[in-house]
Amino acid sequence: MNDKQKHELEGKYNPKDFEKKLYELWEEKGYFKPSMDEKSEPYCIMMPPPNVTGKLHMGHALDGTIQDILIRYKRMQGYNTLWMPGTDHAAISTEMKIVETLNEEGIGKHDLGREKFIERAWEWTHLYGGAIVEQQKRLGCSADWSRSRFTMDEGLSKAVLGVFKKLYDKGLIYKGKRMVNWCVRM
């Protein structure tokens, strides 16, 4: 055997050498998108959106892994699959994190005013929302990221308001002494 025929493995496994490139190739080829084959039975998972309060934790990783296993299994069975991703603003939790950051800067929440505070909330969302999606991608989550939604996206907010209005008009939800009252009458 000459030197050209020798193949030696590196001493340790280094995922950084290939995983990102491989994942980008899968996305480029559209492997995570629905087939749109009308003859195939549809199968969809709505990703419970992680809050943009920081970074993913073990619970997110476990949940993402289970969903990824299910969606990949259904893909292999020939279903027209969609794993719909999204992120959530988690208003109360996000507000707490932003207020913490402001306090570290010596600024009070009320010193900013509503408009400036909302600007800071969007900055936070862009910073951590993107980080969370990248972490999910590094985990190998095979969601159709081209369809990703954020709970404060204008179109999504309008859709939610429209649905709530319809439910309110039907008497299925109502304003009361509690924040949310569920009515099980149909």
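The values are calculated or read from the model by the stated rules, or taken from the named source; none is laboratory data. None of the values given here were measured: they were computed from a predicted structure. FYI the Cβ positions are ideal-geometry reconstructions off the backbone, even for glycines, and counts take in every protein chain you see. Heavy atoms of the whole protein, side chains included, go into the accessibility calculation; ligands, DNA and RNA do not. Shrake-Rupley method; radii C 1.70, N 1.55, O 1.52, S 1.80 Å.
Select from region 57-66 the residues that are in contact (Cβ under 8 Å) with a residue 12 or more places away in the chain and open to solvent by 60 Å² or more (accessible area, probe 1.4 Å) and list them in ascending order. Scanning region 57-66 gives Asp63, Thr65.
Condition test on Lys158, is it within 13 Å of the chain's Cα centre (by Cα) and of a type in the set (Lys, Arg)? Spelling it out, it is not the case that Lys158 is within 13 Å of the chain's Cα centre (by Cα) and of a type in the set (Lys, Arg). Among the residues of region 117-140, those that are in contact (Cβ under 8 Å) with a residue 40 or more places away in the chain and either under 18 Å from Phe32 (Cβ atoms) or open to solvent by 40 Å² or more (accessible area, probe 1.4 Å) (or both) comprise Tyr128, Ile132, Val133, Gln135, Gln136, Lys137, Arg138, Leu139, Gly140.
Taking first residues from region 27-56 that are of a type in the set (S, T, N, Q) and surrounded by 11 or more Cβ atoms within 10 Å (Cβ to Cβ) and partners that are modelled with pLDDT of 90 or more and in a loop (DSSP other than H, G, I, E, B), the Cβ contacts under 7 Å between residues at least 6 apart in sequence or on separate chains come to Ser40/Gly78; Ser40/Tyr79.
Inspection of region 78-91 finds no residue satisfying the criterion of being in a helix (DSSP H, G or I) and aromatic (Phe, Trp, Tyr). Applying the criterion of being among the acidic types (Asp, Glu) and surrounded by 13 or more Cβ atoms within 10 Å (Cβ to Cβ) to the residues of region 67-116, the residue that is nearest to Gly30 (Cα to Cα) is Asp68. So Ala143 passes all but one of these: (1) within 25 Å of Ser157 (Cβ to Cβ); (2) open to solvent by 50 Å² or more (accessible area, probe 1.4 Å); (3) touching an Asp or Glu at 6+ places or on another chain (Cβ under 9 Å). Which condition number does it fail? Among (1) within 25 Å of Ser157 (Cβ to Cβ); (2) open to solvent by 50 Å² or more (accessible area, probe 1.4 Å); (3) touching an Asp or Glu at 6+ places or on another chain (Cβ under 9 Å), Ala143 violates only (2). Residues of region 165-182 include none that is under 30 Å from Glu28 (Cα atoms), of a type outside the set (Val, Ile, Thr) and in contact (Cβ under 8 Å) with a residue 12 or more places away in the chain. No other residue among Lys158, Lys175, Lys166 is assigned to a loop (DSSP other than H, G, I, E, B) and open to solvent by 70 Å² or more (accessible area, probe 1.4 Å) apart from Lys175.
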